[in-house]
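The values are calculated or read from the model by the stated rules, or taken from the named source; none is laboratory data. Worth saying up front: this structure is predicted, and the values here are computed from it rather than measured. Neighbour counts run over all protein chains shown; Cβ positions are idealised from the backbone, glycine included. Surface accessibility is based on the protein's heavy atoms, side chains included, excluding ligands, DNA and RNA. Shrake-Rupley method; radii C 1.70, N 1.55, O 1.52, S 1.80 Å.
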Amino acid sequence: MSFTENDRKVQSKKGKSFPTGPQYDGTPFAAAIAVALAADFGASPSAVKRVARLTSANERAVRNWFEGKNAPSGENLVGLMRHSDAVLSSVLSLADRRPPGGSGGLAGVRRRAVDLLAEIDGLAS
């Protein structure tokens, strides 16, 4: 028994999307990765070659990542997160997670310490 001609034309939904949530702004995954790559590596042809060497991916695939046409596979995404803080923070923000150890690094810790000292000074007076 074979399928009818109309059954062969059925296609699945294309594109990857995340469910909407309170923190999610609707940015597609591929576009978020493209913005992060441009922030960390720039948009020059040498940046494409550098990322291709870092991830052992095809240059054409990497160019598509920079243009936001496609997103990297899981293996390549892990490689990108290993070498790019912007990609790591972008993926974590899409997952509605904060980096371990607090966000903002040393500057964030300093801000929190200054706020705590101001609160202590307010209680002492």
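Points worth noting:
- Conditions (1) more than 23 Å from Ile33 (Cβ to Cβ); (2) modelled with pLDDT of 85 or more; (3) open to solvent by less than 60 Å² (accessible area, probe 1.4 Å): number failed by Arg111: (3)
- Selection within segment 9-42: residues that are touching an Asp or Glu at 6+ places or on another chain (Cβ under 8 Å) and part of a helix (DSSP H, G or I). The member of this set that is modelled with the lowest pLDDT is Asp40.
- Conditions (1) exposed (fewer than 15 other Cβ atoms within 10 Å of the Cβ); (2) at positive phi; (3) touching a residue at least 12 places away in the same chain (Cβ under 8 Å); (4) not acidic (Asp, Glu); number of the one not met by Gly42: (3)
- Where Ala71 falls short, out of the listed (1) open to solvent by 50 Å² or more (accessible area, probe 1.4 Å); (2) touching a residue at least 24 places away in the same chain (Cβ under 8 Å): (1)
Okay, residues lined up against (1) open to solvent by less than 100 Å² (accessible area, probe 1.4 Å); (2) in contact with a Ser or Thr (Cβ under 7 Å, 6 or more places away or on another chain); (3) charged (D, E, K, R); (4) modelled with pLDDT of 90 or more:
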site	(1), (2), (3), (4)
Phe66	yes, no, no, yes
Asp96	yes, no, yes, no
Gly101	yes, no, no, no
Ser125	no, no, no, no
